[in-house]
Every structure is written in C-alpha cells, then in structure tokens.
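Shown next, in structure tokens, is the structure this report addresses.
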Amino acid sequence: MKKSKVLILLSLLGLTLPSCGKIDNFFNTLETIYIKDYRNAYYKDSSFLEKNELEMFAKYKNGTIVPLTFNDVSSYLYNEYGLEENIATNFTYSGRYAFRVKMGAIYSNTIFLNVDENMIYVNNIDVTVSSFNTRTMDIENFEINVNPANYNVDLEVEFTKPESTVVTREEGKYYFYFEEAGEQTLTVKAKSGSSTYVSNSYPFTVSDASGKFSIAQTYKTLSTRNSPTIGDVKFLIIPIWLTDSSTYIPYDRRENVREDINRVFFSNSFDLGCESVSSFYNYESGGLFNLSGTVANWYESNKSIADIGYQTDLNPSFSLVNEAVNEYFINNPEDKRTNYDYDGDGFIDGVVTIYGAPDYYASGVNDQYRAYTNLWAYCAWYNLSADKTNPKLKNFLWASYDFMYGYSTSLERTGKRIYKGNTTYCKLDTHTYLHETGHLLGLEDYYDYNKTDNNSNPVGGFTMQDSNVGGHDPYSVLALGWGKPMLPTSSSRIKLRTFQESKEMIILTPEWNTYDSPFDEYVILELYAPSGLNNFDTIHRYAPANESTYPQGADKMGIRVWHVDARLTHPVGGKYTTNLFTNANELNPSHAFSNTTYNHYLTPKQNEHISPIYDSDMRYTEFDLLHLIRNVGYTSYRYNPTFSNDDLFNKGDFFSMNVYGSQFARKTLFNDSEGYVLDSGKDLGWSFYIEEIKDNYAIIDLYRL
C-alpha cells in the first residue's frame, strides 16, 4: 500500500516563521484569503476545527502575508445536501464537504474534504532522518511516513520537552525550533485500533547555538584596589562631623541624617520609593552581590569645613578617613576589621564617608562656599600593604549628606533648605551614591569630562556611570561578573531576553581572547526595555539642584548596540605601550582608553586626556572605552545626541558594518583604505537581522561573514 508523507522541517537560518494572531490596522487593504488542506481524509466524528491540517492565510495589497486562526474569521462548512454550519465542531455525516472562511467582506477559496463513515487506523509509522545535528533556534529536516495513506485518525507529534519547543506550520509542513539545549525525543503516535496505538520515536540532542559562557576575569582581577563584586560584601559607612557642621545640620537633627544614610544604603525600595544602594546592586547582580554594612556613629573631627574644602589634593581626605576608620574599631572592639574583608585580600572591602557639610555647589550655599571644591562626590584609592589580620583602608567613597535630599526633604530632616538631590518622586535620593558605589567596584565614568568643549556624548547619557540614571550598561555588568554573555561562533538564530531581567547579552567579535576576559574589543547586543532599574528614570526625569535636566530612558523596547574597547595597556620604558592585551593578570594593567577625549583648547593635549596612551597626532585619544552605536546609518563616530527611542534597532532592522561602520573611529582616524573596521583594525565579521521583538525577548538572526 502506498505510504503518505508528512514532511517536518526545522528551519533554515533566515526563515521567517509565521505566528497566528489578530490582524491589526498596521497592514493595508485586504486583497484575498486562501486556505489549504493537507490531510483530506477525516472520520465523521472527529473534530475538524481542533485537529486538522488546514492552513489559512490573508494576503494584503502591500504584499504582506499573514497566517490566520479560526478566531480571525467566520467559518462555513456544508455538505452535498446544502447543510451549512458556521464554526462547525464535528462532521455530522460521511461524504464530501465544502469549506470556506470569510474576513470582513472577503471570502476565501473553497476546499473539499472527504469524510469517511469508518475509522481508518494506522498500521505503521516510520521516522527517517537524513541528517540531524540541530542547535537551539536552528532547523533540520526529517520525514514521517504513515501507512496507509488515507488514514483519518489523529496523528500526534510530541517532544519530551514541549515547553522548550515552538511549533508552527506553513505549506503543510511543520516547523520546530528548540529554545533550550539538551536531550530531546520526537514521538509520533496514532491509533492502530479502537484502543491501541502505534508509535515511533527518534531521540536526538539539541546543542546550544548561543555560545553561553562565563567571564573568568572581572574588575577585581584588574586591580586589588577595587571592592569585591561577588558575595556577601560589607561596607563600613562613617558620617564625619566637622567642627562647624552644625551651621548646616543642627545638632539635634544629625541623628536624622545618620538614619537617612542607613536608609539610602540598606533600605528596601518600598521604603524609599526608589532603589537603595544595596537593593539596586542586588537586583543588578542577580543576587550575586549582596551588600550590607554598618553605619557608624558620627566621627567627631577636629577639621573645619574650610580645612577640608580648600585642599588641592586628596591626602588630607585620606588622612581624615583613615583616622575615622581607626577610631571606629578602637571604640567598637567587638566589630573586627576582618568582618569587612569578605574576599580576604587584607583590605576593607569598601569605606563610605558622608561628610557633614554641603556639596560645594549645593542649593542654598553662598558664592564664597563654591570655593570648597573638595566638597563634592568622588572615590579615591591608596596603595597600602595588605594585612589579612587587620585589613586596611584601600578605597573610600567621599560624598555630602545633601545628595540625599531635595527641596522639601532637606527642610523636614535637617531644618535647613540645603540640598543637592531630587526627591520629587522618592523619599530620599540615591542616584549619586549608586554612581559612586560603581566606582568603588572599579567602574569608570562614561561621560566625557570635556563635553562642554567638544559636545562629546559617547554613550548617550542613560546609564548609571554616565549621568547617574538608569541601570548599568551590559559591559559594566559583564566586567563586574554579573552578566550572562552569549558568544556565537557561527551563523545562528538566538533568542535574547530583556537585559534588565535576564542579564543576557550577545557578544560579536572577530576572535575571543583565551582568558575569558571582558577587557577586549567587541560589540554587545542588549535587548533594552524601560523596566527593572531603567524604569524609575524612564518614568521620571531626574533634575537635581543646580544641574541641567538629565536624560530619560527610552520608553520602548529595542536592541541597544554597544562598541566596547576595554583592551589593556601597561607602562613599558617610561610610557604606556600600544601593544594592547586582554589578560587582567598582566603586570600593572590599566584601560588603554576612556570616554574623555582630549581638550582641543589646551596644551599639552595628552595631559588633558585620561587614556594613558597617545601618539603625536592624538589618534588614540579619540577611541572610547564604551560607545553607543545609534540606529543611524552613514553618520560620524562623534554622533552625540542624548539616548532616545531613535537609537534602538527594531524588528526588521539589519545591521552591517557597510551601513553603520562610520560610527567606528578607526577608518577616519587612521585613514584605512579598507572597509570599516574595529579600533584594532580587524573586521568585525558579523551582521545581524532582528526577526522579532516580543514582550520580553527578541529573536535575532546572526550572520558570520
């Protein structure tokens, strides 16, 4: 007896898989509806609408073809006696039926169905495979051969992991792609009698096409001066009372300030109306970095505001902080220094000092006070010898209390209207402390210090180490050891979830380093969403005192593309080498590039640039550590607007270096005759197409060139 064939395909790269759903007004005028039936044989008591191999498509005049479901149409089924049934569920009689559907005023073609009085059972099912080496989101081909050909029982196709399998159908063929790697078994089953079944199975392995891997080096590897980024880390927080602090914080209000410091660092988001430092970093690290700490009593300093504010170097601040740390442990002998050395490197993990004086540019201080330029927010590091028995101070955060307060909260909590923050939408402002804690962990600033001179805005403002708003960018999260990177090595289709919730990112690189170090050059794809740590600063525009308005986050989803050049250099023969490397365990490594370009109006130019390497015509100073690639083709590498929806890559967008390569600086600076390349001079070797963007994920087709 002749066998029928049902061809089951697992997709080829670049195939667009249809999905069912309502048709919205995006498409233009409906042209036609057509239906196809690939089974043609039915039992009279079977359910036509639920289990069949019918397909319906709508074609629009703009060429768009969209699959339909029964929810989209009105259905009409009738037999040779003219009996018409709208949305029929079962065949009432055997014989020949006609079927058509209608949407709006358009009717489909009519197809004819053969309905048999008797059940025609299946004798045998064969699963044959020509080659089967599938990967997640990829395709392979195999056939199911059923005997006899005119069976009318239901054919069931199952997988052992159906939750990770997406099934669609087009032109009578099934399409499967697997969202998870691992062992799978395909089982095909059908009735061989009234109570018996015949089946056949084929086991196979789905390999992971995404190239998921773990970073082996972090900012802690790069420098022992940085705080640990993994584990139950404990900071020592010391409020510092200066001899004239009571000018700005009445003595009977200073406990309010101390309590608020504790809330800013260790409260939950429900208490503050925004993230505290600990809740922010716990969320961002996916629970890998759990920050706790002690807020000490005020340290009574013998220094005045002027003593500290006028200093021109950081040594007085270090001496003051070191004195405060030593006194804390003298006065609290039950609290050991080792309690604050989670990674056991002989240094206190992090010290935060909140001085009892306004920031030099706070609202409410006079012009003379603005000379106290040391009274701002920063982090400092010192190279001391480690002591694992009595861990020493190695880094500290230095910031004013007034960054917590806005217009109303400053008066309520301190009795004075001195403030530098914005509490319009929260009880206490944590933005500045979040940013500075990022520095304690090793992150650099991503804004250009000379922005006012050259209008440089390399990352667009909306990331925590730029303008103190939003979550951190994927590179920062990766280099802190919290990212979930994917490193594809060949053309593939990858499902990428929203970065804020998953920490997933795709890394595109011509060749990855052997150290699994983030300190390399590559491109990152992130599915940006106005959710998670981005949410607060997308809904509310941050506007602290005496500052221009800060950028808001984009309010839609899309792919955000980053160019990272975090390669390393070290001193050789009195200057920093241009033979860059990626291994953070090299002697005295540091970033070769920063996001601050040289000041065009000052000489010597190299002294005005943070990047340690430069050449005579300053080409290297134009390379950025982190750079946002905008969805604007054929534009300059100094394209500098504030981040917005327009920068995101959307469904249907295609990225190639031919179109977007002008945003990479190498060709312009080095006059390369070849095409657009990375800073290293290498071809990126990748392009990508955004197949789909859904509620919390995107499907991206990657092409290895």
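Check off (1) surrounded by 24 or more Cβ atoms within 10 Å (Cβ to Cβ); (2) closer than 30 Å to Glu259 by Cβ; (3) not charged (D, E, K, R) for Thr424 and give me the number that stays unchecked.
The one condition Thr424 does not meet is (1).
Please indicate, with yes or no, whether at least one residue in the range 215-232 is part of a strand (DSSP E or B) and over 23 Å from the mean Cα position of the chain (by Cα).
There is at least one residue in the range 215-232 that is part of a strand (DSSP E or B) and over 23 Å from the mean Cα position of the chain (by Cα).
When you go through (1) farther than 30 Å from Lys394 by Cα; (2) touching a strand residue (DSSP E or B) at 6+ places or on another chain (Cβ under 6 Å) one by one for Asn422, which number turns out not to apply?
(2)
On the given criteria, is Met119 part of a loop (DSSP other than H, G, I, E, B), modelled with pLDDT of 85 or more and surrounded by 15 or more Cβ atoms within 10 Å (Cβ to Cβ)?
For Met119, the condition - part of a loop (DSSP other than H, G, I, E, B), modelled with pLDDT of 85 or more and surrounded by 15 or more Cβ atoms within 10 Å (Cβ to Cβ) - is met.
For the range 429-482, enumerate the residues that are out of contact with any helix residue (DSSP H, G or I) (no Cβ under 8 Å at 6 or more places or on another chain), part of a loop (DSSP other than H, G, I, E, B) and within 22 Å of Asp647 (Cβ to Cβ).
Residues satisfying the conditions are Asn455, Ser456, Pro458.
Out of the range 558-608, which residues are over 30 Å from Leu496 (Cβ atoms), modelled with pLDDT of 85 or more and assigned to a loop (DSSP other than H, G, I, E, B)?
His570, Gly573, Thr577, Thr578, Asn579, Asn585, Glu586, Leu587, Asn588, Pro589
Look through the range 483-505, keep the residues that are among the basic types (Lys, Arg) and not in a loop (DSSP other than H, G, I, E, B), and return whichever of them is nearest to Pro551 (Cα to Cα).
Arg497
From the set of residues in the range 241-267 that are in contact with a helix residue (DSSP H, G or I) (Cβ under 6 Å, 6 or more places away or on another chain) and not in a helix (DSSP H, G or I), which is nearest to Asn583 (Cα to Cα)?
Here the answer is Leu242.
Scan (1) of a type in the set (Asp, Glu); (2) on the phi < 0 side of the Ramachandran plot; (3) not in a helix (DSSP H, G or I) for the single condition Asp516 breaks and write down its number.
Among (1) of a type in the set (Asp, Glu); (2) on the phi < 0 side of the Ramachandran plot; (3) not in a helix (DSSP H, G or I), the lone unmet condition for Asp516 is (2).
Does the range 270-285 include one or more residues that are touching a residue at least 24 places away in the same chain (Cβ under 8 Å), within 30 Å of Leu587 (Cα to Cα) and either outside any helix (DSSP H, G or I) or touching a Cys at 6+ places or on another chain (Cβ under 8 Å) (or both)?
Yes, the conditions are met somewhere in the range 270-285.
Run Trp376 past the list (1) part of a loop (DSSP other than H, G, I, E, B); (2) surrounded by fewer than 16 Cβ atoms within 10 Å (Cβ to Cβ) and report the number of the one that doesn't hold.
Of everything listed in (1) part of a loop (DSSP other than H, G, I, E, B); (2) surrounded by fewer than 16 Cβ atoms within 10 Å (Cβ to Cβ), Trp376 misses just condition (2).
Look at Ala529 and say whether it is surrounded by fewer than 17 Cβ atoms within 10 Å (Cβ to Cβ) and either under 21 Å from Tyr637 (Cβ atoms) or in contact (Cβ under 8 Å) with a residue 40 or more places away in the chain (or both).
Spelling it out, it is not the case that Ala529 is surrounded by fewer than 17 Cβ atoms within 10 Å (Cβ to Cβ) and either under 21 Å from Tyr637 (Cβ atoms) or in contact (Cβ under 8 Å) with a residue 40 or more places away in the chain (or both).
Based on what the data block shows, is Leu242 touching a residue at least 12 places away in the same chain (Cβ under 8 Å) and either of a type in the set (Phe, Trp, Tyr) or surrounded by 22 or more Cβ atoms within 10 Å (Cβ to Cβ) (or both)?
For Leu242, the condition - touching a residue at least 12 places away in the same chain (Cβ under 8 Å) and either of a type in the set (Phe, Trp, Tyr) or surrounded by 22 or more Cβ atoms within 10 Å (Cβ to Cβ) (or both) - is met.
When only residues in the range 379-391 that are part of a loop (DSSP other than H, G, I, E, B) and not small (Gly, Ala, Ser) count, which is nearest to Ser304 (Cα to Cα)?
The residue in question is Tyr382.
Would the range 211-223 turn up any residue that is among the β-branched types (Val, Ile, Thr) and within 30 Å of Phe329 (Cα to Cα)?
For the range 211-223, residues among the β-branched types (Val, Ile, Thr) and within 30 Å of Phe329 (Cα to Cα): present.
Need the failing condition index for Val365 against (1) assigned to a loop (DSSP other than H, G, I, E, B); (2) of a type in the set (Val, Ile, Thr); (3) in contact with a helix residue (DSSP H, G or I) (Cβ under 6 Å, 6 or more places away or on another chain), just the number.
With respect to (1) assigned to a loop (DSSP other than H, G, I, E, B); (2) of a type in the set (Val, Ile, Thr); (3) in contact with a helix residue (DSSP H, G or I) (Cβ under 6 Å, 6 or more places away or on another chain), Val365 is out only on (3).
Within the range 72-97, take every residue that is among the aliphatic types (A, V, I, L, M) and within 14 Å of Lys44 (Cα to Cα) and give me the one that is modelled with the highest pLDDT.
So, considering only residues that are among the aliphatic types (A, V, I, L, M) and within 14 Å of Lys44 (Cα to Cα), the one modelled with the highest pLDDT is Leu77.
Can you find a residue in the range 241-256 that is within 20 Å of His431 (Cα to Cα) and under 39 Å from the mean Cα position of the chain (by Cα)?
Yes: one or more hits.
Six or more apart or on different chains, Cβ atoms under 8 Å: show the pairs whose first residue is in the range 635-655 and free of Cβ contacts under 8 Å to residues at least 12 places away in the same chain and whose second is part of a helix (DSSP H, G or I) and charged (D, E, K, R).
none
If you take the residues of the range 286-315 that are part of a loop (DSSP other than H, G, I, E, B), over 39 Å from the mean Cα position of the chain (by Cα) and of a type in the set (Gly, Ala, Ser), which of them is surrounded by the most Cβ atoms within 10 Å (Cβ to Cβ)?
Ser301
Considering the range 466-487 alone, what residues qualify as being surrounded by fewer than 22 Cβ atoms within 10 Å (Cβ to Cβ) and more than 14 Å from the chain's Cα centre (by Cα)?
Answer for the range 466-487, where residues must be surrounded by fewer than 22 Cβ atoms within 10 Å (Cβ to Cβ) and more than 14 Å from the chain's Cα centre (by Cα): just Leu487.
Could you go through the range 524-537 and let me know if any residue there is among the polar types (S, T, N, Q) and outside any helix (DSSP H, G or I).
yes
The values are calculated or read from the model by the stated rules, or taken from the named source; none is laboratory data. What you see is a predicted model; the values in this text were computed from it and never measured. Neighbour counts run over all protein chains shown; Cβ positions are idealised from the backbone, glycine included.
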